[in-house]
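Structure record follows, encoded as structure tokens.
The values are calculated or read from the model by the stated rules, or taken from the named source; none is laboratory data. These numbers come from a predicted model, not from an experiment. Cβ coordinates were reconstructed from backbone atoms using ideal geometry, including for glycine residues, and neighbour counts include every protein chain displayed. Keep in mind that these areas ignore ligands, DNA and RNA; they rest on the heavy atoms of the full protein, side chains included. Shrake-Rupley method; radii C 1.70, N 1.55, O 1.52, S 1.80 Å.
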Amino acid sequence: MEKKTDEYYIREILKGDSGSFSPLVEKYSHLAFSLSMKILNQREDAEEAAQDAFIKAYNSLSSFQNSSTFKTWFFRIVYNTSISRLRTRKNIEVKIDDVKISDAEIQATESAIGQLNINERQKYLQIGLDRLEPDERALLKMYYYDDFSMDEVSVITGLTVSNVKVKIHRSRKKLLQELRFVLRDEIISIL
Amino acid sequence: MSQKDLLKEWFKELPSEQPSPDFQVKVMQRVMSEWTLNPIKYQPIIGKKGWWTMGLIAFLLTSILFMLHSSLPSAAPAKTVYGLDLLQLFAPVSHLFEKLNSISPAVAIGVLAIIALWFFDQLFVRTIRR
């Protein structure tokens, strides 16, 4: 079957065929939910935020301009919707935690993680991610899991590219610091 | 392998988080109810203001041409049927056609184009509404 582009479906929706939104939902539901989940860390909340993001995208399709891809534009909506939902859930304060992990410690942690089997690695990585701030989790997810470029992450989050670079670097270091903390007693000590 | 690549590799190992199986159905139900409440309306390419402006321009152009062009004197002798002077009776109509004849083809084409545009616009709006 011929695969149609996002732009094709958008044109059809704008002509009045709302059913053409279905392929876009099918294509992006997993990614939208997954990003929302990284920010909200609660299944029901993440599903509702992802649904809200789809409805917002549907209602604002006429304002979508091809200056960015639909994926990037839509992810910006998902990101903002999830962040505002998080804000209503609790008062977020931007924490400026000191990341105190040396390069040698980073290497030791990475080496330890590398020696784990895949199931253990998944488990510890998930624990490490859960210990990060929601926006840090989201940034790492977008960059490492969804393969968005720094520029695209900048468009989605509304941060400057240099700010994105700094934040991803810090989040990465913080993740490794958290992993080191989690693994300290169990693995690193016996290596 | 660089540190960044290692993390990327490990992230790829993470199980993908799937929404509930009826997620897409729920989204589409909401989309459909949104659509029922507020269907995406067809917006004509030329708005009301546009039509008024074009109409005014067409009217002004035609009026100016009418005013500039002097009417042709009638040389034909008077014809009467049952006492009615036919030439005098049909004078305004023949006058109108004479003047229409004198309109520059460019203006005539312009006016016709506007009428055609309006016709197709209306036709499209009615088809969409059905």
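Some observations on this one:
- Count of residues meeting criterion [crowded, with 20+ Cβ neighbours inside 10 Å and in contact (Cβ under 8 Å) with a residue 60 or more places away in the chain] in the stretch A:37-51: 3
- Sole exception among (1) in a helix (DSSP H, G or I); (2) within 13 Å of chain B (Cβ to nearest Cβ) for A:L116, by number: (1)
- Between B:P15, B:P19, the distinction of being modelled with pLDDT under 85 and either within 7 Å of chain A (Cβ to nearest Cβ) or surrounded by 11 or more Cβ atoms within 10 Å (Cβ to Cβ) (or both) belongs to B:P15 only.
- Candidate set from the stretch B:62-87 (those that are under 31 Å from the mean Cα position of the chain (by Cα) and among the aliphatic types (A, V, I, L, M)); member that is modelled with the highest pLDDT: B:I64
- Of all the numbered requirements in (1) crowded, with 16+ Cβ neighbours inside 10 Å; (2) under 27 Å from A:S36 (Cβ atoms), A:D130 misses one, and that requirement is (1).
- Candidates B:F90, B:F59 - the one that is out of contact with any Gly (no Cβ under 9 Å at 6 or more places or on another chain), surrounded by 10 or more Cβ atoms within 10 Å (Cβ to Cβ), of a type in the set (F, W, Y) and at pLDDT 80 or above: B:F59
- Residue within the stretch A:137-148 that is open to solvent by 50 Å² or more (accessible area, probe 1.4 Å), in contact with a helix residue (DSSP H, G or I) (Cβ under 7 Å, 6 or more places away or on another chain) and within 12 Å of chain B (Cβ to nearest Cβ) present: no
- Applying a threshold of 8 Å to beta carbon distances and a minimum spacing of six or more residues, or different chains, the list of pairs starting in the stretch A:171-191 at a residue that is within 18 Å of A:Q122 (Cβ to Cβ) and ending at one that is aromatic (F, W, Y) and at pLDDT 80 or above reads A:L179/A:Y124; A:V182/A:Y124; A:L183/A:Y124.
- Matching residues, the stretch A:119-148, being over 21 Å from A:S82 (Cα atoms) and either part of a loop (DSSP other than H, G, I, E, B) or basic (K, R) (or both): A:R121, A:K123
- Summed over the stretch A:21-36, the residues that are open to solvent by 30 Å² or more (accessible area, probe 1.4 Å) and within 18 Å of B:L14 (Cα to Cα) give a count of 2.
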